[in-house]
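Report on one structure; see the data block that follows.
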Protein chains: 2
Amino acid sequence: MNVENKPKIVNVGILGFGTVGQGTWKHLEENSQFWEKILGVQVKPKRASVRSIQKERKIKIAENALTTDSESIVNDPDIDLICELIGGIEEAKELTLRAFENGKSVVTANKALICEHGEELFEAAEKAGVHYGFEASVAGGIPIIKVLRESMVANEFPLIYGILNGTSNYILTRMESEGVSFEDVLKDARELGYVEADEALDLDGVDAAHKAVILAYLAHGIWVNLDDITVEGIRRISIEDLQAARKLGCKIKLIGVIRRNFKNDHISVGVYPALVPIAEIIARTDGVYNGISLTGSVVGTVVLTGRGAGQDPTAGSVISDVVDVVKAQNGISAGIKLRHVSPEECKPAKPVEIGGSFYIRLTVDDKPGQLAKVADCLAEHQVSLATVSQSPQSGSPTASIILTTHETNEHSINLAIQSLEQLHGVNEKPVLFRVFDPNLTPKE
Amino acid sequence: MNVENKPKIVNVGILGFGTVGQGTWKHLEENSQFWEKILGVQVKPKRASVRSIQKERKIKIAENALTTDSESIVNDPDIDLICELIGGIEEAKELTLRAFENGKSVVTANKALICEHGEELFEAAEKAGVHYGFEASVAGGIPIIKVLRESMVANEFPLIYGILNGTSNYILTRMESEGVSFEDVLKDARELGYVEADEALDLDGVDAAHKAVILAYLAHGIWVNLDDITVEGIRRISIEDLQAARKLGCKIKLIGVIRRNFKNDHISVGVYPALVPIAEIIARTDGVYNGISLTGSVVGTVVLTGRGAGQDPTAGSVISDVVDVVKAQNGISAGIKLRHVSPEECKPAKPVEIGGSFYIRLTVDDKPGQLAKVADCLAEHQVSLATVSQSPQSGSPTASIILTTHETNEHSINLAIQSLEQLHGVNEKPVLFRVFDPNLTPKE
């Protein structure tokens, strides 16, 4: 390979090597061949800054790739792109501005920083002609920034609302479903490492408010001051309230709400516990999940749910921003190259490999022994029954038999259905539906 | 303004001026100032092809902008970008290939065309160095293509499944909720214009299968042949089945399912009615809505719901692709310029402008007349009650009063709560939560 054909390398520097930093390094590295395939450019994690070099970490990287000096990464001429994952405000801001000055684009998960200094930072990035990616800053793995900014570009937004903090949602969900008190669930959440060191962020709505301010800016172009908006947390919610809400057809959720009145162009932004009607997907978004409902003037309401935090979801969003920056800086077209693999790399599964359980409805002669014949027929094809019910069809000498099976496969069930169809006393072509199991594990 | 500073114009030609074509024209035109602001480029609908010039249309455009000759648009050197919205296969394919040859990018909503000839078309676009956008081809207004291709770029996909056809979902939803037979709901759906001229597309799963094939390609890079996969429709589903499914904790939905087994890299693609557990968002995605659940190896499960068809949602997706193509062709950076408005254009609302109803919980002395005093206090502030319940607190001389209000505003409720707090016999700071109403209409 001569030098000209050698793919360009984009070296990534990671500031902060905690959970998300390590996840970003891992997934960037694991997918290195894929980046080259779809981007025609190598994307490589090169250096990361840490508080302590010696600390034991899950992700093992060469010791000389680690430094305690974040500035040395931002000033390293070999590094093309920075992932700012240290959190906090002042240091993160200085490093980000320094990176921009050095012509480096920055990708961040730092909602507090953007909420407080977004205006200055976006201006500085624009002035420097670099990118500032922040998909990971709102709702972890849910691609809310891109959807709002790109997919829904033709829309104005009368209403955006949703669950923007997974920890408080976890606490409310357990209080509601198990009747456990706030204090007891909080203790568990602390033990699970769900609660930030500064607990006000999760419990008093501050973290959700950071995100609501960012969404309000994206949707409406104005920076709302955190001090000017309603920010309430979950500490005053009791089991009694959750039960009363249920009786009213609602669940209490901590939601961020951004409304715009297009008659006078006034907007309201707030984060507070609210009774949300159970019919809303947001009311049924439970546990650590986040959910956001976007009502656009053109497209109507689109709802997105997914994991709002955690190593991998957040790292996934950091990486989608990294890829976008690499595309933009290398003139790679809108979208990305479509995946395309050779037939050897990916093949259609055979029916015998496609597992699952099934629902069968039969119309049979309403005579003794009919169900036994059906069960025998299925057993011959190694299809075992999970549930059975038989009921007479009114005004007719026939009965319905409704069965569900245990896990089998498409090959066996097809043979079984063919046999059932031939069975004496079975009057119509059997009705067969699949029972969908989202957690089905594939067979070898 | 001298010539060099004059913003570039991107002229858009629209092939097919039906529902989506007219919606695309309308929204492109209405937002013309916005495109210039965020893109620095003017984007203008210029010509559209129709079957009959004279036909009465909702969108009025100059007669000389209409032609019955689609080829003249594709060959027009003044037109930079084509929206192919005529549907069908052969003519659409020829026009698309001709556009590519002429160096024009194409945006389409044509799932049947991509399903059948995607491989050839994407290759031709790449060879010609142009873009082929197809966000609108799957799930109308839901930005599934961009999320799958860009936001979830770091993921592999063990499971993608969802409701990909709104018409069949509308029919199943009404059968289930109202107990109306398939034939009767179908009659209504026809009258509402929900059913395609070729009814097999909606009722026999073919339309959903087109979309499943496209999603399988995006996620796994292989083109599955429509003839090789399971495609079943909704004609055999009876009210009895829907009720039996309910008893099993499920709803029957017509779903497209794409699974990959990463042990042997076999994939299965199918469209069929299935019993989906009610806990899944997809099971609760009703009416004409579509919903797609994407399980990614990095990010976990992300679910998107929204309108899968219709003029505005589909046009919104067409336009997001148009904007992406304009960005790519004009070197406009990843993302788009953030919206930024002057403080005059958009202001924070005052508390009195923020309407809503509220939930209040009070701890009061358990004495006669207490509830009346509370109600009087609220009435003084023009807050009227919607629901009231009072219950004694066990082992205590106090009672809980739980109220919800009719619609009021933040200013009035704050005053009311301050008064309640001062009220004799009210023992703790009142607990106040908002009752969220997604359909609240803003006050002037």
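The values are calculated or read from the model by the stated rules, or taken from the named source; none is laboratory data. Keep in mind that this is a model prediction, so the values were computed, not measured. Cβ sites come from the backbone with ideal geometry, for glycine too, and all protein chains shown count toward neighbours.
What the table below lists for this structure:
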| read-out | value |
| --- | --- |
| Evaluation of A:TYR161 against (1) free of Cβ contacts under 8 Å to residues at least 60 places away in the same chain; (2) closer than 30 Å to B:LYS37 by Cβ (one fails), failing number | (1) |
| Output for the stretch A:374-395, where each listed residue is assigned to a loop (DSSP other than H, G, I, E, B), free of Cβ contacts under 8 Å to residues at least 12 places away in the same chain and within 13 Å of chain B (Cβ to nearest Cβ) | A:SER394 |
| Condition met for A:VAL303 (farther than 25 Å from A:GLU156 by Cβ and of a type in the set (Val, Ile, Thr)) | no |
| Candidate set: the stretch B:353-373, residues that are among the aliphatic types (A, V, I, L, M) and not in a helix (DSSP H, G or I); chosen: the one nearest to B:ARG434 (Cα to Cα) | B:ILE360 |
| Test: residue in the stretch A:282-296 that is under 26 Å from B:GLU135 (Cβ atoms) and outside any strand (DSSP E or B) | yes |
| Some residue of the stretch A:327-349 being part of a helix (DSSP H, G or I), within 9 Å of another protein chain (Cβ to nearest Cβ) and not charged (D, E, K, R) | yes |
| The stretch B:207-230, residues that are touching a Leu at 6+ places or on another chain (Cβ under 8 Å) and assigned to a helix (DSSP H, G or I) | B:ASP207, B:ALA208, B:ALA209, B:HIS210, B:LYS211, B:ALA212, B:VAL213, B:LEU215, B:TYR217, B:LEU218, B:ALA219 |
| Of the criteria (1) surrounded by 13 or more Cβ atoms within 10 Å (Cβ to Cβ); (2) within 12 Å of chain A (Cβ to nearest Cβ), which one B:VAL426 fails | (2) |
| Residue tally, condition within 11 Å of chain A (Cβ to nearest Cβ), in contact with a helix residue (DSSP H, G or I) (Cβ under 8 Å, 6 or more places away or on another chain) and either farther than 18 Å from A:THR305 by Cα or in a loop (DSSP other than H, G, I, E, B) (or both), over the stretch B:157-170 | 1 |
| Whichever residue in the stretch B:253-282 is more than 23 Å from A:VAL147 (Cβ to Cβ) and small (Gly, Ala, Ser) and, among such residues, is surrounded by the most Cβ atoms within 10 Å (Cβ to Cβ) | B:ALA274 |
| Failed item in (1) more than 24 Å from the chain's Cα centre (by Cα); (2) in contact (Cβ under 8 Å) with a residue 40 or more places away in the chain, with A:LYS111 passing the rest | (1) |
| Selection within the stretch A:397-423 - free of Cβ contacts under 8 Å to residues at least 12 places away in the same chain and within 14 Å of another protein chain (Cβ to nearest Cβ) | A:GLU421 |
| Residue that is in a loop (DSSP other than H, G, I, E, B), more than 12 Å from chain B (Cβ to nearest Cβ) and among the β-branched types (Val, Ile, Thr), where the choices are A:VAL180, A:VAL185 | A:VAL180 |
| Qualifying residue in the stretch A:37-45 (condition: of a type in the set (A, V, I, L, M), touching a strand residue (DSSP E or B) at 6+ places or on another chain (Cβ under 8 Å) and within 30 Å of B:VAL147 (Cα to Cα)) | yes |
| Candidates A:VAL288, A:VAL276, A:VAL303, A:VAL318 - the one that is of a type in the set (A, V, I, L, M), in the same structural domain as A:LEU81 (by TED's automatic domain parsing) and under 30 Å from A:GLU232 (Cα atoms) | A:VAL318 |
| Selection count, the stretch A:116-147, where residues are under 17 Å from B:ARG339 (Cα atoms), more than 8 Å from chain B (Cβ to nearest Cβ) and surrounded by 24 or more Cβ atoms within 10 Å (Cβ to Cβ) | 3 |
| Residues (surrounded by fewer than 18 Cβ atoms within 10 Å (Cβ to Cβ) and within 20 Å of A:THR314 (Cα to Cα)) located in the stretch A:27-60 | A:GLU29, A:GLU30, A:SER32, A:PHE34, A:LYS44, A:ARG57, A:LYS58, A:ILE59, A:LYS60 |
| Residue match in the stretch A:227-236 (condition: without any contact (Cβ under 8 Å) to a residue 12 or more places away in the chain and touching a Pro at 6+ places or on another chain (Cβ under 7 Å)) | yes |
| Within the stretch A:297-314, tally of residues that are small (Gly, Ala, Ser) and at the interface with chain B (Cβ under 7 Å from one of its Cβ atoms) | 2 |
| Residue check, A:SER317 surrounded by 17 or more Cβ atoms within 10 Å (Cβ to Cβ), touching an Asp or Glu at 6+ places or on another chain (Cβ under 6 Å) and more than 24 Å from A:ARG434 (Cα to Cα) | yes |
| Odd one out for A:SER297, checked against (1) touching a Cys at 6+ places or on another chain (Cβ under 8 Å); (2) not assigned by TED's automatic domain parsing to the domain that holds A:LYS104 | (1) |
| Which numbered condition A:VAL130 fails, given (1) farther than 22 Å from A:LEU203 by Cβ; (2) outside any loop (DSSP other than H, G, I, E, B); (3) not assigned by TED's automatic domain parsing to the domain that holds A:ASP204 | (2) |
| Subset of the stretch A:155-195 (residues that are within 22 Å of the chain's Cα centre (by Cα), within 19 Å of A:ILE258 (Cα to Cα) and surrounded by fewer than 20 Cβ atoms within 10 Å (Cβ to Cβ)) | A:LEU159 |
| Looking only at the stretch A:231-257, and only at residues there that are among the basic types (Lys, Arg) and facing chain B (nearest Cβ under 9 Å), the one that is nearest to A:ALA212 (Cα to Cα) | A:LYS253 |
| Where a residue in the stretch B:52-71 is charged (D, E, K, R) and its partner, wherever it lies, is part of a loop (DSSP other than H, G, I, E, B), with Cβ under 8 Å and at least six apart | B:ARG57/B:PHE17; B:GLU63/B:ILE53 |
| Positions within the stretch A:49-79 being in contact with a Leu (Cβ under 6 Å, 6 or more places away or on another chain) and of a type in the set (Gly, Ala, Ser), in sequence order | A:SER49, A:SER70 |
| Subset of the stretch A:258-276 [in contact with a helix residue (DSSP H, G or I) (Cβ under 9 Å, 6 or more places away or on another chain), assigned to a strand (DSSP E or B) and within 7 Å of chain B (Cβ to nearest Cβ)] | A:ASN261, A:HIS266, A:ILE267, A:SER268, A:PRO273, A:LEU275, A:VAL276 |
| Filter result for A:ASP227 (surrounded by fewer than 22 Cβ atoms within 10 Å (Cβ to Cβ), within 12 Å of chain B (Cβ to nearest Cβ) and of a type outside the set (Lys, Arg)) | yes |
